[in-house]
Every structure is written in C-alpha cells, then in structure tokens.
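The values are calculated or read from the model by the stated rules, or taken from the named source; none is laboratory data. None of the values given here were measured: they were computed from a predicted structure. Here the Cβ positions follow ideal geometry from the backbone for every residue, glycine too, while neighbour counts run over all protein chains shown. Side chains included, ligands, DNA and RNA excluded: accessible areas come from the protein's heavy atoms. Shrake-Rupley method; radii C 1.70, N 1.55, O 1.52, S 1.80 Å.
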Amino acid sequence: QNKMFNAIINQKMNEADSADIKVECFIYDDLADFRGMEDIELCLIFLNLLENAVEAEKNVGNPVIRFNIFQKAAYTCFKIENVVDKDILSLNPELNTTKDDKQSHGVGLKSVREIIEKHDGIFNITQNDEWFTVEIMLLKSAV
C-alpha cells in the first residue's frame, strides 16, 4: 500500500534483474505504520540496504538476494540476505565504503542505523559462509 516503498523495491529488483542477479522476495505482511516513522525514512532504509546488496552481488558468482517481510509479535521484520564469497565482516568490520569516492559514499548504513535507533527498532548484521544478512525489526503502531 506504500507507493514510494513499492517503487523502490521494483526499481532495485529491475536493477538486479538487469545485472543477472536472482531475487527472491517474500512478503508475508502488509507494511504497517511504524511509531512516528515517516515514509521517507522507511524508504531511505531500504533504498540504502537494497543498493548495497545489489552492488555486492555484482562481484560474486551465482548472485542471489533474498528479501523477506514478516510479522513477529508487535514487530514487522525485514530480512535482506545476499550471497558472499569472502568474510566481509572480518575484512571490513565497520562496513566502510569500498568505493573510491569516499566523500560521496559511505553514509548509507550510518543513516540506516540512526533511523532505526531513533524509532527504537532492532538492527542486526551477521554473516555465515554463504550469506550476508541484515535484519531489522520495527515496532508497529498501536491501532
């Protein structure tokens, strides 16, 4: 029901498709209103996270991105996973930009963390041998 969010998801899926990246998207819950969160904040979170996943997948064999939205208790949960071929968190634990133009890049994850913290959400990044995973939990507004 969120047109701006849908546009971002569709744009990133089209970018992934153009780069031959397989995308698996599972949405098990309608996007809710989140406590005090503006639509633009929600969109900035996912624009940054999906952009990072698409960029990362351009450098691996058999690229895949999984994007899930589901409900868990009073939270709407988002899980974005992408295939990895190296230990990103050991090589770059702060997840600083790897782009040459450091002035214009590298603020995305910082902005995402700030928005999620501002709204008392939960933000977690993990990695195993195959997948780099970002998980977000946002408290839904009481209706």
request  = Determine, yes or no, whether LYS79 is closer than 16 Å to THR133 by Cα, modelled with pLDDT of 90 or more and open to solvent by 50 Å² or more (accessible area, probe 1.4 Å).
outcome  = yes
task = Looking only at region 47-67, decide whether some residue is at pLDDT below 90, touching an Asp or Glu at 6+ places or on another chain (Cβ under 6 Å) and open to solvent by less than 30 Å² (accessible area, probe 1.4 Å).
result = no
key: Tally of residues being within 14 Å of the chain's Cα centre (by Cα) and among the polar types (S, T, N, Q) across region 72-91   = 2
remark   = Taking region 43-71 and keeping residues in a strand (DSSP E or B), under 16 Å from VAL134 (Cβ atoms) and over 12 Å from the mean Cα position of the chain (by Cα) leaves VAL64, PHE70
message = Pairs needed: first member in region 120-143, in contact (Cβ under 8 Å) with a residue 60 or more places away in the chain and among the polar types (S, T, N, Q); second member anywhere, open to solvent by less than 50 Å² (accessible area, probe 1.4 Å) and not in a strand (DSSP E or B); C-beta distance under 8 Å; at least 6 residues apart or different chains.
response = SER141/ALA32
ask   = Are any residues in region 82-124 loosely packed, with under 14 Cβ neighbours inside 10 Å, β-branched (Val, Ile, Thr) and at pLDDT 90 or above, and if so, which ones?
value = ILE122
ask   = From the residues in region 27-42 that are more than 16 Å from the chain's Cα centre (by Cα) and not hydrophobic (A, V, I, L, M, F, W, C), which one is modelled with the highest pLDDT?
value = GLU38
